[in-house]
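**Student:** Pasting a structure here, questions to come.
Nothing in this text is a laboratory measurement; each read-out follows from the coordinates by a stated rule. Bear in mind the structure is a predicted one, so any value in this text is a computation, not a measurement. Virtual Cβ from ideal backbone geometry, glycine too; neighbours counted across all protein chains shown.
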Amino acid sequence: MANRFKKFLIGNPIASSEEQHQRLSKKVALPVFASDAISSTAYATEEILIVFLSAAAAGAAAYSKLVPLAIMVVILLAIVVSSYRQTIYAYPNGGGSYVVSKENLGEMPSLVAGGSLLVDYILTVAVSVAGGSAAIISAFNGLADYRVELCVGFIIIMTLANLRGVKESGALFAPPTYLYVGSLVTLIVVGLYRVYVQDLPPIEHVGEAKELIEQQGAITLFFFLKAFASGAVALTGVEAVSNGVPAFQKPESKNASNTLIMMAVILGTCFFGISMLAKELEPVKDHEGLINDTVLAQMAEHVYGGRNVMFFITQFATFAILILAANTAYADYPRLSSIIAKDNYLPRQFANRGTKLVFSNGIIFLATMAIVLIVAFGGKVTALIPLYAIGVFTGFTLSQTGMCVHHWRHRGARWRFHMAINSVGAITTFFVAGVVIVTKFTDGAWLPVIVIPLLVIIFKSIKRHYSKVRTAVAVEPGYKVARKTHLVIVLVGAMNRGTLNAIAYAKSLAPDRLIALTVAHDDEEAEHIAQQWIDYGMTVKLDIIHSPFRELSGVIMNRIDELDAEDADDIVTVVIPEFVTDLRTQWLHNNSAFTLKAKLLYRPNTVVTSVPVVVD
Amino acid sequence: MGVFKRKHEESSDLTDLNTERLRDKFEVLDVVRMNLVVDRTPVRVAGEVKRTVVAPRSGIPTLEVVLSDGHGEVTAVFSGRRSIPGVINGRCLALEGVARPDKGRHIMMNPVYTILPS
C-alpha cells in the first residue's frame, strides 16, 4: 500500500541503465545554469534599499547611493566571473568549490567549502521561494496573509517534481528565464525612456512609505557596507556554470566560459538598470514587510501606468525564474551531498539514488531544511538574506584560493597572469565575506558562522566513525573465522504449529546445544505445557521458567544470560515463532515477541530469527 | 562518547528484588546456603523452584527442577518419573542429599525432598 502511494506520488521507477547524459547547447545552458544568478536581480536592489531606508533611515538620500553601489557590485561580479573562467578551463569535469579546494587546499578547507555550499543551497531554496511568493503577493495583495503557506506549498510541489526527476531540460528552463530577462529589459528601457524623455515623476507614496522616505538619517560607512553586503547577494549562483561544465556541448570549457560571460553581462546589465530605474522612481520597502509590494512590482506598476498586462507578465516572469532558481538548488544540493557522502563525510544514504535515479534523500533533506527556515523567518526574503551571502562568498574565496594553489603547482603558460586574476578574486571575495559577517552579524549572519563550523565538525566525526568501522571489520591476511559453539534457544509461547515449525527450523541450524524456553505464570499453565510437551513427543528439553513478578522479557533475558555464560565462546541464536496475519489483525499478535526482539537486538553475540507462520 | 555506547542490561531491578525476597525467605531456616554447598558431602538446602525442565521422551523419564535461595542454585534430578505433585514452579522445597558438580552447577540426584509451605 505504501508502495502504491509512493508510485502515485513520484511515478514508475527508472532503471540504472536508462540514465541519460544530455549535452546542452549554449542557448539552453544559459537558462539552465543562469536562472539562479539572474533571479537574484529580483531582490538584490530591494535589499539595498531596505538597508538604507529601514536600517539607516536615510530617506530620499538613499537613492543617490544606489548607482555607486550597483557599480561596485558589477565590478565584484566582473572579478568573480573572470576568476571562475579560469576554474572552468582548469576543471573541465566540473569544479565546484568543494572539489577545487579538496584537490588544492586539503581536507579542512574543502569541508568548509562543502558546508558553506550545503547551507547556501538550502538558503537558495528558501530565499528564492520567498522571493517568488513575494512577486505573487505583489500581484495579488490578498494573499499576503498566506505568505508562509504559499512558500511551503511551492517547496512541496517542487520537491515532488524533483523526486519524480526533473530533467534540467531547456524546454522547462528556457521560456521563464528568457521571459524574465525580456520583461526586465523592457521594464528598464521603457522606464528609463519615460523618466528621461517623458519626464515621469517618482512614485508618490502615502502612509508608512511616505514616512520612510521623509527620514533624514545619515548614511555612514557601516550602512554603506551593509547595503553593499545586501547587494552582493546578486552574485549567488554564479558558481553554477563551473559546476556543470561536463553538461556543455563540445568544446565544453569554451562554451561554458562564454555562457558564464553571457550570464554575467545579463546579470550586470539588469542589476545596474534596475538600480538606475530605482534611483529615478524612488520605490520604497521596509524590513518588517509592512509594504507588501516588491520594489520591482512598484516600479512596474508605475512605469506601465497601473496593473495592466505588462505588470502581470513581469510579476509572473519574476515568480517563474525564482522558482527555477530554487530548482537549481534541488539539482545541486543532492549532487554535492552525494559527492561529500562518497568521501564519507556525510551519511551514506545521501549517496544513494532513489527509484527515479535522483538523490532522493538529499532532496528530502533540502526541502525539510528550507521549510524550517521559511517557517522560522516568516517567509520574508529580507530576514533570510543576511544568512545567505556568507556561504556563497566563503565558497568563492576557498575556490579562488584553491585555483591560486592550482596555478602555482602546475605553472603552465602565463601562470603568473592567471594566478594574479585568481588572487584578486580570492582577496576580494574574502573581503566581501568579512564585510557581510561584520555588518550583518546581529541580523542573523551569526547563524552560518556557527552552523558552518558545526557542519565541519559533523563531517569529520562521520568520517572518523566510518574509518573506525572500516578498520575494525577489515580482513587482514591470514584471518580465519573462529569456530564458535552454537547455542540455539527456541522461545515457546504455547504448543502450536508455530512452535513445532520453529523447533524443526532450530534443529536444521545444526546447533551444539538446543533448548526451548517458556515462561509460566501459574501452576496450571506450567503443568499444561509440560504435559503437552510430553504428549507431542518433543525431543528437545523445555525449560519452564517461573516468573515471580509475572513478567516475561526480564526472566527470559536472565535465562539467556545464564545459558550463554555456560560456554565462553558461544554464539546464541534465539528463534521466535511469529504469526503473520493480514494488516488489520497483525497488531493482535507478537507484541511480546516484539519487545523481546528489541531487547535482544543490543545483545552481543546474539542472532534473532523469526520463524513465520502465515495465517490467511 | 561513552554516554552513547549501547549497553546490554545485565540485570534488572526485578532480579535484585527477587534475590532479596528469596534471601529473606530462606535465611531464617536451618539449612546450608546454596552458594556454600560443598559437593560430594551430605547437605540440606532449601529454595524456591525457579525452573522446571521437561526432558525429551527418549531415555529414562526424569524431572529436573532448579531451586534458588537468592544466594545460589541447586538442581535436583528425580529419575523414573515425569512429574511430582507439588513440585512445581514457585513452590518451596527442602532437599537432603549429596550434590555433584556439573558445568559449575550443583546437581543432586534423587534427593529426599520436603515440600515447604510457601
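**Student:** State the extension gain, in nm to one decimal, for the chain segment bounded by A:Thr595 and A:Ser423, taking 0.36 nm per residue of separation less the distance between their alpha-carbons.
**Tutor:** Full-extension gain reported as 55.7 nm.
**Student:** Cross-link partners among lysines for A:Lys102, C-alpha distance below 19 Å, same-chain residues fewer than 8 apart left out?
**Tutor:** Once the sequence-local lysines are set aside, what remains near A:Lys102 is A:Lys342, A:Lys460, A:Lys463.
**Student:** I need the peptides A:290-300, A:516-526 ranked by packing, meaning the mean over residues of other C-beta atoms within 10 angstrom, with the highest value on top.
**Tutor:** A:290-300, A:516-526
**Student:** Along the Cα-to-C-beta direction of B:Val38, a point sits 7 Å from the Cα; which residues of the range B:86-118 have their amide N less than 13 Å from that point?
**Tutor:** B:99
**Student:** To the nearest 10 degrees, how steeply does helix B:13-26 sit against the main Cα axis of chain B, on a 0 to 90 scale?
**Tutor:** So the helix axis and the longest Cα principal axis differ by about 40 degrees.
**Student:** For the range A:391-433, take N as its residue count and report Rg(C-alpha) divided by 2.2 N^0.38 Å.
**Tutor:** Its radius of gyration relative to the 2.2 N^0.38 Å reference: 1.12.
**Student:** Would you mind telling me the antiparallel percentage of the DSSP bridges in the protein assembly as shown, rounded to 5?
**Tutor:** 50 percent
**Student:** Same structure, new question: Return the lysines within reach of A:Lys599: Cα separation strictly under 18 angstrom, same-chain partners fewer than 8 residues apart disregarded; answer none if there are no such residues.
**Tutor:** Once the sequence-local lysines are set aside, what remains near A:Lys599 is B:Lys5, B:Lys7.
**Student:** Here is a follow-up. Efficiency by 1/(1 + (r/R0)^6): what FRET value for A:Leu509 and A:Glu103, r their Cβ-Cβ distance, R0 = 60 Å, to the nearest 0.05?
**Tutor:** 0.70
**Student:** When the dipole is taken about the Cα centre of the range A:188-277, and only Lys, Arg (+1) and Asp, Glu (-1) are charged at their Cβ, what size is it in debye, to the nearest 20?
**Tutor:** In total the dipole reaches around 420 debye.
**Student:** Give the cross-link partners of A:Lys440 among the lysines, using a straight C-alpha distance below 18 Å as the criterion and excluding same-chain residues fewer than 8 apart.
**Tutor:** A:Lys226, A:Lys380
**Student:** What ranking do B:Asp102, A:Asp120, A:Asp443 get, fewest neighbouring Cβ atoms within 10 angstrom at the top?
**Tutor:** Numbers: B:Asp102 11, A:Asp120 30, A:Asp443 19.
In order of increasing Cβ crowding within 10 Å: B:Asp102, A:Asp443, A:Asp120.
**Student:** I would also like to ask the following. Grab the beta carbon distance between A:Thr539 and B:Leu14, set R0 = 35 Å, and tell me the FRET efficiency rounded to 0.05.
**Tutor:** 0.60
**Student:** Roughly how many nanometres apart are two label points built 7 Å out from the Cα toward the Cβ at A:Ala482 and A:Leu9?
**Tutor:** Label at A:Ala482, label at A:Leu9, 4.6 nm between them.
**Student:** What per residue convex hull volume, in Å³, do the alpha-carbon atoms of the protein assembly as shown yield?
**Tutor:** Expressed per residue, the convex hull around the Cα atoms of the protein assembly as shown is 234 Å³.
**Student:** Next question. For helix A:415-440, report the angle its Cα long axis makes with the longest principal axis of the Cα atoms of chain A; keep it between 0 and 90° and round to the nearest 10°.
**Tutor:** 80 degrees
**Student:** A further question follows. Antiparallel DSSP bridges in the range B:36-118: what percent, to the nearest 5? Don't jump to the answer; show the numbers that get you there.
**Tutor:** Values: 29 of 32 bridges.
Once the DSSP bridges in the range B:36-118 are tallied, antiparallel ones form about 90 percent.
**Student:** Strictly greater than 21 Å: what percent of every Cα pair in the range A:61-174 meets that?
**Tutor:** Pairs farther apart than 21 Å: 65 percent.
**Student:** Then there is this: Please get the size of the charge dipole for chain A, origin at its Cα centre, with Cβ charges of +1 on Lys and Arg and -1 on Asp and Glu, quoted in debye to the nearest 20.
**Tutor:** 2500 debye
**Student:** Here's a follow-up. Once the Cα gyration tensor of the range A:485-614 is found, what semi-axes does its equivalent ellipsoid get, as square roots of 5 times the eigenvalues, in whole Å, sorted largest first?
**Tutor:** Ellipsoid half-lengths, sorted descending, are 21, 18, 16 Å.
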